Structure formats: structure tokens, C-alpha cells
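Structure record follows, encoded as C-alpha cells.
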Amino acid sequence: MEANIIQIGNSKGLRLSKAILEKYNIQDKVELILEENQIILKPVEEPRKGWDKAFKKMHAAGDDQLLMNDVFEDESFEEWK
């Protein structure tokens, strides 16, 4: 696919169609990956995207229990006072 480089003020830019933006879920930012003889545009994903749903699913399944105690038997918080 070819795309035209357009003038944007003193810079130049690449215009992406609405269809491309939607297909690749591109919002406000892309990551530019510069490799030999090519530039790759990659959508920037939200950090921790979907974690809220995953945690709710874990809670519903009873999978959100501690795997170990917060305090070990030989530990004391007295030294921290």
C-alpha cells in the first residue's frame, strides 16, 4: 500500500485512513520502530489494559487468595517501631 507524505506546518506527516486506525486500534499515539530500510508503526497499548476485568474474574472464581502469609512466623515488627 502506498501513502502520500503531506505538509504539516514546517514538518511532514503521514495521513492514515479511518479504516486503518480502527483495524489496528490506533488512538492518539504509535510506536515507531526503526529498522534497516523500514519504519514500523505499532499502536501504543494502555499499560495494564484489561487487568480490571481479569481481577474481577479471579475474584469471582475465588482465585484471589493470598498464597502465603503477609508475615512469617519468625518475623517481628517490633524492630520497626
The stretch 66-81 and the stretch 17-48: distance between their alpha carbon centers, rounded to Å:
46 Å
Farthest toward the dipole's positive end in the chain, which of PHE77, GLY50, GLY62, given Cβ charges of +1 (Lys, Arg) and -1 (Asp, Glu) about the Cα centre?
GLY50
Calculated on alpha-carbon atoms, Rg and Dmax of the chain in Å
24.1, 69
What is the dipole size for the chain, taken about its Cα centre, with +1 at each Lys and Arg Cβ and -1 at each Asp and Glu Cβ, in debye to the nearest 20?
1040 debye
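The numbers here are math on the coordinates, done by the rules we state, and not lab data. All figures in this text were calculated on a predicted structure; none of them were measured in a lab. Every residue, glycine among them, receives a Cβ derived from its backbone with ideal geometry; neighbour counts consider all protein chains shown.
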